[in-house]
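Working notes, beginning with the structure itself.
The values are calculated or read from the model by the stated rules, or taken from the named source; none is laboratory data. Values in this document were obtained by computation on a predicted structure and should not be read as measured data. Backbone-built Cβ (ideal geometry, glycine too); neighbour counts: all protein chains shown.
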Amino acid sequence: MVESEDTTIEELSTENTQEDVKGMVRKLSENEWEIPVGHIPNMRVPGRLFVSESLLEGIDPGTIDQIANVATLPGIQKYSMAMPDAHLGYGFAIGGVAAFDVEEGIISPGGVGFDINCGVRLIRTNLQKEEVVPNIKRLTDELFSNVPAGVGSKSRLRASDKELDSAFLEGAKWAVEAGYGVEADFEHCEANGYMEGADPSQVSTKARNRGKPQLGTLGSGNHFLEVQYVDKIYDQEIASTFGLQEGQVTVMVHCGSRGAGHQICTDHLKELSQAVKNYKIEIPDKQLACAPAQSKEAQNYFKAMLCAANYAWANRQIITHWTRESFEKVFGRDADDMGMDLLYDVAHNVAKLEKHIVDGRKKEVYVHRKGATRAFPPGHPEVPAVYRDVGQPVLIPGSMGTPSFILCGSEESMNVSFGSACHGAGRVMSRAHAKKKFCGQSIKENLEARGITVRATHPSVIAEEAPDVYKSSSEVVNVVHELGIARKVAKVLPLGVTKG
């Protein structure tokens, strides 16, 4: 994932170096490549890159090095991984997954990212495409008006300090109890929409001041609010369980923890950069600042990260409520009457304490997912009861104007990737380069000629997020499907999209 608009990261290369990426990896199978121990000094485990041969050609050599760098960190289990949408990030590659032993391992903000719990949720409706298309311009305008978007955008909600603490502690659950939704909403979120253990005392005044006016805002960058329709069903049985059918209209929300998450990461990176020295941890890149998992520094960051993750779930929940209100205004019907239920909500940037089988035994590990989606299998107790027979919904957004996908977690993900799959299309061009190459107004006109209505705060936002600056979402999704990490259930196409 390209991290939020507030994030300072290395820009993607606009030109590939002459170094042969294929010479840096060893092919294990059609969609699996190994970065051998020894690629860089002090690797404890190999790297694993889940990517097709054609997608491998677009991987920057720096991304390979970042995957290898993570393999040097203490307590890493099995291997350092990257999904098919992988590209350069801060410390960890975006698309990176790594699990660390709860006692001997570390916790690293670079393995989570600045936009903590950037994630995606999908809202079903019982509306059909033909009912919505005649109203799509009005609906898109209403959503753009009702859900604040853009860099530094401020919410219609004026949260108090007490409400902010509640969002940090109880996430989507607090938002629902405050009147922004129904109980079934947080029941259909990863982790039920909040993780226990958050500690607002670990959040700085600056982070609080950034977060308080932004609760209920979309942000900018690759974040979006999109009206879509189901174009194709791949698995009828699972689609029925998910409540999906062809022609049905859905809504996808993609955003995270805004300035609060960015500031929390920034604040704790300073402490962990010093902790690396104090604990004499050798790291090949200063962006991999970390501390032993049970240390005060690591746990303080983890508790603050949980605040940001919960804030993000509350943020998406409030946006969901205002989305329902927008539909009600345009269609003159109650949201319940339109069947506007939350299918699921997944986190993309988070570290979680989970139990996994490693070397034949179950153990607790801190799984870092940085631009990666949890993909738990059928029968897993953390999958909502209504989906438990088939597995967790896995939501993969496309880039603007391209398909998004609903997949389903499988048992193979637990064997291969610590229960993880890809998270999106994956960027291949920097924002600066995109703005030079593309004209936002032209892209808007081209999309509207295809029947896709676009609203954004500025044409440059559209240029930065042009479809051609991303990998093919279809090709990325095919890799995890063919590996058996997550199985394709449905493809959705955009009708109207709002961006910051």
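Taking the criterion of being part of a loop (DSSP other than H, G, I, E, B) and closer than 16 Å to residue 308 by Cβ, the residues of the range 229-270 that qualify are 256, 257. Per the listing 4, 80, 13, 54, the residue uniquely modelled with pLDDT under 95 and crowded, with 19+ Cβ neighbours inside 10 Å is 4. Considering the range 41-77, the residues that are among the hydroxyl-bearing types (Ser, Thr, Tyr) and part of a helix (DSSP H, G or I) include one that is nearest to residue 485 (Cα to Cα), namely 54. Criterion applied to 403, 393 was being in contact (Cβ under 8 Å) with a residue 12 or more places away in the chain and either among the acidic types (Asp, Glu) or surrounded by fewer than 22 Cβ atoms within 10 Å (Cβ to Cβ) (or both), and the one residue passing it is 403.
Would you point out the residue of the range 286-297, among those that are of a type outside the set (Gly, Ala, Ser) and buried (at least 16 other Cβ atoms within 10 Å of the Cβ), that is farthest from residue 101 (Cα to Cα)? Only one residue tops the list, namely 287. All told, residue 330 falls short of being modelled with pLDDT of 95 or more, crowded, with 21+ Cβ neighbours inside 10 Å, more than 17 Å from the chain's Cα centre (by Cα) and of a type in the set (A, V, I, L, M, F, W, C). Each residue in the range 78-89 was checked for being outside any loop (DSSP other than H, G, I, E, B) and among the hydroxyl-bearing types (Ser, Thr, Tyr), and 1 pass. Tell me which residues, restricted to the range 112-144, are touching a Ser or Thr at 6+ places or on another chain (Cβ under 9 Å), part of a helix (DSSP H, G or I) and hydrophobic (A, V, I, L, M, F, W, C). Selection gives 132, 136, 139, 143, 144.
Among the helices (runs of 4 or more DSSP H) confined to the range 151-228, the ones with at least 2 residues that are buried (at least 21 other Cβ atoms within 10 Å of the Cβ) and under 18 Å from the mean Cα position of the chain (by Cα) are located at 161-177.
Checked against (1) within 22 Å of the chain's Cα centre (by Cα); (2) in a helix (DSSP H, G or I), residue 490 meets all criteria but (2).
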